[in-house]
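Visitor: Provided herewith is a single structure, encoded as structure tokens, for subsequent inquiry.
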Amino acid sequence: MSEYVAPVRDMQFVIHELAGLEQVAQLPGCEEASSDLVDAVLEEAAKFAEEVLSPLNWPGDQEGAQWRDKAVTMPPGFKDAYKLFADSGWTALACEPEWGGQGLPKLVAAAVAEMWKSANHAFSLCPLLTAGAIEALVLTGSDELKATYLEKMVSGVWTGTMNLTEPNAGSDLAAVRTRAEPQADGSYKIFGQKIFITYGDHDMAENIVHLVLARTPTAPEGVKGISLFVVPKFLINVDGSLGARNDAYCVSIEHKLGIHASPTAIMAFGDHSGAIGHLVGEENRGLEYMFIMMNAARFGVGLEGVAACERSYQRARDYARERIQCTDIGVRGGPKVPIIRHPDVRRMLMTMKSRAEAARALAYVVAAAHDAAVHHPDAGERKRNQAFVDLMIPVVKGWSTESGVTMASMGVQVHGGMGYVEETGAAQHLRDAQISTIYEGTTGIQANDLIGRKMAREGGATLQAVIGMMRALDADLAGQDGANFAAIRSRFGVAIDALASAGEWIVANYGADVRAASSGAVPFLTLLGIVASGWQMVRAALIAQAKIDAGNSDPFYAAKVVTARFYADHVLSQAAGLASSIIDGAEGVLALAEEMF
């Protein structure tokens, strides 16, 4: 069974050439992100992912997290790996220096996070949730809460969770019923149950800081009556040391399709005397605050999709190189050859390779835009970049994770029957990837957010600006010779037109017939994902060709051009059909009466 090898060369290319590290490093607060430093960080992260996390992936899946007597024990090796992870400073990479963080840009953190997720999806979920909790406290917590919690969380000594879902309140958070009763000392007692809490309990850290949605006695009904509370596993003494055990316990963990080493907890708050919690920010603004965590987590989950594409591709490629079966197609009586020689296996591997590179490029470009949205000195540039990030977050989350599942399934197909056998490892990637399309909002929820909040609300202005940037590449493509660029230009132009027409239809019809527009929401998210990622593949091909024309003989650049050509022929070519289903397909979605299903 092959181990993960971080695609550092491609990551460097995307970070430097597509995402523009040089420009990011000029932003206030990002000056330390020099090319040499970032390359060194990537190399060290690759070593940790390959040598520490990847070898734990398979045994962790087989052993799984274990629950007994309201406590969770992690699989062998995870506790030691997490301590080394925290001691090495990986938990602090992108955090504020004020709280002990290294302050590196999100662009760098995204690449490093992809490595963790490819090497060991289950392990990577713990720092993902902690990072979201840190961000929420940095932006909305009181000075007292920050002083109490942030340094320990940034250092990784304590981890964090977010507690939204309840048995009767899934995506509809207006139905949250966990209650918070105010106490004379200014604290609250929390009573209720939360489900699907990732790393709700484990034995890797000294303390777990739960961020919990609950209602105070005077709260109005609906989402406007939800507040956010910090509820630690162990209470904190005045001197910062750990105190008594809080009344917050894991009463069970879920038995899941995948990510077996990641404990998904059912948390009970206040089954005894009441769990002590502290209000974060203002009362009744909890959902607003929780969305800070959720947006950070949605981007992080999108990287899980990128990681699933990459890891599934690597395993399938390695197997295809080794598996000897049949002669070359069209050859009678010749020697049997590795299956990577067979055209359909090549087609699958090229699909997996191109989708991984395309999804990575889009995610890193969005990460760089986030850095500009936060740090750029010009308010107009901050606003423009934030609009781009807001538009693309549902796409990075939804399209990348759907790609991860599809590519993991294709990886099983490359293995043939052996892919269905657990010992090859291909099946685990498919099992693990599936959850990424669901948590932090299903693909349908991402798509509805995209067409409603991110497009219709602003009349499609940001989408039109993005389409304008795509069309600006046409002149560059027109100046290129050869069949590869002729094919890329033809497919890309048609795909842009399809995106433009579908986007105009969504915006024009959303207000008048929201059901019809929503019927095409997921196809539109897919369309935008395909074309926006194709945009990055076109940029990559042009940059690579310029290197070749300048005399660079590195085969990496030739492969970039060919991969972009494949993406144009086999992925961008789907755009016109998707646009047709968006514009003309609503009637078929809505026609049947419920009893006819």
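Read the figures in this text as sums done on the coordinates, not as results from a lab. Source: prediction; values computed, not measured. Note that each Cβ is placed from the backbone with ideal geometry, even for glycine, and that neighbours are counted across all protein chains shown.
Visitor: Please arrange ARG491, ARG341 by counting, for each residue, the other beta carbons lying within 10 Å of its beta carbon, fewest first.
Guide: ARG341, ARG491
Visitor: May I ask you to list, by number, the DSSP H helices of the chain whose Cα span along the axis is at least 27 Å and whose average Kyte-Doolittle hydropathy reaches -0.5 or more?
Guide: 121-140, 286-322, 343-375, 379-415, 483-510, 521-549
Visitor: Could you tell me which of the pairs LYS117/LYS336; LYS117/LYS233; LYS79/LYS152 are separated by over 28 angstrom between their Cα atoms in the structure shown?
Guide: In this structure, LYS117/LYS336 lie more than 28 Å apart at Cα.
Visitor: A further question follows. Hey, what number do you get for the chain at 222 nm if only DSSP H runs of n ≥ 4 count, each worth -39500 (n - 2.57), divided across all residues, to the nearest 500?
Guide: -18000 deg cm²/dmol
Visitor: Give me TYR364, TYR557 sorted ascending by neighbouring Cβ count inside 10 Å, so fewest comes first. Let's see the in-between values first.
Guide: On the way: TYR364 28, TYR557 20.
Fewest to most other Cβ atoms nearby, the residues stand as TYR557, TYR364.
Visitor: Dipole size in debye (nearest 20) for the chain around its Cα centre, Lys and Arg Cβ +1, Asp and Glu Cβ -1?
Guide: With only Lys, Arg, Asp and Glu charged at Cβ, the dipole is about 1260 debye.
Visitor: For the stretch 116-191, report the translational diffusion coefficient in µm²/s to the nearest whole number, using Stokes-Einstein at 37 °C, 0.692 mPa s, and a Kirkwood Rh over Cα pairs.
Guide: Estimated diffusion coefficient is 224 µm²/s.
Visitor: What would the Debye formula give as log10 I(q)/I(0) at q = 0.19 Å⁻¹ for the alpha-carbon point model of the stretch 450-589, no solvent?
Guide: -0.99
Visitor: If you rank MET204, MET596, MET537 by fewest surrounding Cβ atoms within 10 Å, what's the result?
Guide: MET596, MET204, MET537
Visitor: How much net charge surrounds ALA81 when only the other residues with a Cβ under 14 Å from the Cβ of ALA81 are counted, with Lys and Arg +1 and Asp and Glu -1?
Guide: My count for the surroundings of ALA81 gives -3.
Visitor: Right, something else. What is the extension gain from GLU587 to GLU43, computed as 0.36 nm multiplied by their sequence separation minus the C-alpha to C-alpha distance, in nm to one decimal?
Guide: Here the answer is 190.6 nm.
Visitor: Once each part is reduced to its C-alpha centroid, what is the distance from the stretch 137-159 to the stretch 226-260 in angstrom?
Guide: A separation of 15 Å, based on Cα centres.
Visitor: Between ASP476 and ARG453, what is the FRET efficiency for a Förster distance of 35 Å, r being their Cβ-Cβ separation, to the nearest 0.05?
Guide: Rounded to the nearest 0.05, the efficiency is 0.60.
Visitor: Next question, about the same structure. Gap in Å between the Cα centre of the stretch 180-211 and the Cα centre of the stretch 355-370?
Guide: Cα centres, the stretch 355-370 to the stretch 180-211: 34 Å.
Visitor: From largest to smallest, what semi-axes in whole angstrom does the chain give when each is the square root of 5 times an eigenvalue of its alpha carbon gyration tensor?
Guide: Semi-axes, largest first: 39, 28, 25 Å.
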